[in-house]
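To keep things clear, I will list the structure first and then write my remarks on it.
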Amino acid sequence: MRIVRFCFAAASLIFTAAPAVRGQAPVESGWRILPLDHWAYEYIERLHSRGLLPSLNPLVQPYRRVDVARALSSLKKEELEYPARRWFEVLESELRYELQALAGGSRSGWGIELTGGVRAANVQRLVPFSMPYLDSLRGFGSGGVWPRYRAAAWAEYGHLVVESGLLGDFYFRDDPDGLDPGQRRGGRPDHSYVGVQFPVGGVTLGRLQRNWSWLGSRGLLISNYATSYPQLGVQIDLGRLQLQFFAGELDTVADYKRYIAANRLDYVTRDLVISLSQSVLYGTRSGLQLRFLNPADFLFFEHDNAPYDLVQNLGVDAQLWFRRGKLQAFVEGLLDDIDLKPRDNGLPAAERAPLRYAFSLSARLSPLWSRGDLGVSYEQVGAWTYRTVDPAVDRYLFLNRGIGANFSDYDRLSVWADMYPALPFDLRLTPVAEIVRKGEGDIRSPIPVFPPFRGEPALFLGVRETTARGALRIWSRSDTGLWWRAEVGAVRVQDAGHKVGVDRFRWAGLVEVGASVRRLFRF
């Protein structure tokens with residue numbers, strides 16, 4: 001509690017001094033955070049890809065609702081062509097209260113929201129949770145039907161925002177890779193937080209999901225594969241420089257309390273974003289460490305320094321996004337560990353520990369034509385990335401789901417096209433083609449003792465499994481608030497289960513339907 005009081009006291013000092021720093025009037029209301037599984041991100045991504053929401057940093061989510069509304073208010077609807085005008089109108093309806101506040105209306109109020117839906121698939125492995133597509137990385141499993149709901153209530157007053165959410169998801173029980181976080185009373189706390197906002201940023205304490213990557217993709221250092229976990233976050237905006245920091249509490253393993261601390265510094269312009277990030281996951285038998293609660297600290301130099309009282313796993317990451325005309329490109333590189341010196345002097349290079357790394361490359365042409373975009377991405381995660389010699393304490397997981405990537409020892413090439421037919425309702429058709437190669441390295445298994453580990457390849461351990469997949473994704477939403485998405489395709493796996501000569505073929509499909517209702521009341 002002393003740490004929490006200290007952080008909020010520091011926030012109050014920043015809040016008091018901020019107007020003098022920026023020459024701005026204080027903000028008049030706290031601002032809600034848009035959860036990462038909200039359907040609005042579908043439209044934010046579409047508009048941003050066409051250069052229409054330039055004030056939003058495309059590499060850091062979640063967004064505050066007011067920031068999206070402010071970006072939206074800079075557009076002139078009458079100058080937009082189809083389909084961008086349609087997307088604008090959908091977001092305009094969703095963010096109408098924030099837009100009214102920006103125009104001088106009341107900025108204080110409270111509200112409630114209920115979202116419900118159900119998904120069904122003939123395979124068990126889905127990409128959890130905000131983008132429930134079929135997972136082409138590991139096996140099929142049996143299908144199922146999984147209802148899901150979220151209930152939330154919130155209040156905004158002055159500089160404060162409070163939101164309390166409850167999530168119930170039956171897929172938690174059947175996820176073959178993650179652990180059920182517990183829903184004994186019908187749900188679990190989710191997207192629940194208290195926030196203090198000020199002109200140059202904000203402080204948030206609560207349970208959230210984060211994703212540090214290009215809109216529509218998942219980060220290698222911080223992603224939303226894992227379920228939400230308790231955290232304290234700080235955001236500071238200084239013109240083109242943006243600082244994000246959070247310290248989170250993870251699950252307890254083998255009497256070790258597990259935590260993560262991460263920060264990133266972004267240089268943001270309309271057509272260029274450069275980001276440097278770092279994180280450290282550590283296990284301790286005490287509690288949060290003061291040395292990792294400094295947003296301005298270089299964790300790379302702090303790691304492994306005395307006192308040696310923690311089990312630690314450090315990662316550093318760099319990202320670059322730029323736009324030129326219709327072309328957008330994104331590069332991310334993560335370094336988990338590198339052996340600068342062999343264990344003993346004079347050992348040959350083959351005796352070095354293999355590199356532990358990950359990287360991704362993406363490009364998009366938007367619009368390629370008036371009603372369509374084209375994209376391609378390549379992702380590679382080393383066989384030993386995110387893994388440590390400890391059986392569980394410092395692996396880069398929360399409840400057995402990846403905090404960064406959800407698997408290791410693979411590469412994936414994807415090509416897709418987004419098409420938006422001219423119809424009375426909103427519809428997106430996305431044909432996708434993927435090739436995935438997966439070795440036997442497993443993020444959920446510890447690194448073996450060091451002698452056998454040295455000299456091993458950095459990618460594709462054992463028998464390599466190759467998956468080829470073609471699919472069609474569909475997204476649609478009506479003005480009534482009902483939305484649905486589906487995916488259907490063919491999957492062929494060579495050397496399935498890492499067994500030479502075993503081939504498998506299967507048709508795989510997924511469908512999800514959802515709707516939401518909300519009421520807002522002004523003070």
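Positive-end ranking of Phe330, Asn400, Leu340 along the dipole of segment 272-407, with charges on Cβ about the Cα centre, is headed by Phe330. Dipole magnitude for the chain: computed about the Cα centre from +1 point charges on Lys and Arg Cβ and -1 point charges on Asp and Glu Cβ, it is near 840 debye.
Of interest is the spacing of the C-alpha centroids, which for segment 124-149 and segment 418-497 amounts to 11 Å. A full extension of the chain between Lys77 and Phe300 corresponds to an added length of 75.6 nm, given 0.36 nm per residue minus the alpha carbon distance.
Rounded to the nearest 500, the helix-only mean residue ellipticity at 222 nm of the chain stands at -3500 deg cm²/dmol, with each DSSP H run of n ≥ 4 adding -39,500 (n - 2.57). Our note on the geometry: Cα centres of segment 33-72 and segment 348-399, 24 Å apart. Length available on full extension from Ala40 to Trp110: 0.36 nm per residue minus the Cα-Cα distance, which gives 23.2 nm.
Over all other residues within a Cβ to Cβ distance under 13 Å of Ala458, the charged ones net out to -2, with Lys and Arg as +1 and Asp and Glu as -1. Which lysines, on any chain, are close to Lys326 with Cα under 23 Å apart, when same-chain ones fewer than 8 places away are left out? Correct list for Lys326: Lys76, Lys77.
Based on Cα contacts under 8 Å between residues 6+ apart, the chain shows a relative contact order of 13 percent.
In plain terms, the chain from Val500 to Arg519 could stretch by 1.1 nm, reckoned as 0.36 nm per residue minus the Cα-Cα distance.
Projected label points at Leu340 and Tyr157, each 7 Å from Cα along the beta carbon direction, are separated by 5.4 nanometres.
Just so you know, all these numbers are worked out from the coordinates, no wet-lab data involved. Keep in mind it's a predicted model, so treat the numbers as computed, not measured. No Cβ is skipped: glycine too gets one built from the backbone with ideal geometry, and neighbour counts run over all protein chains shown.
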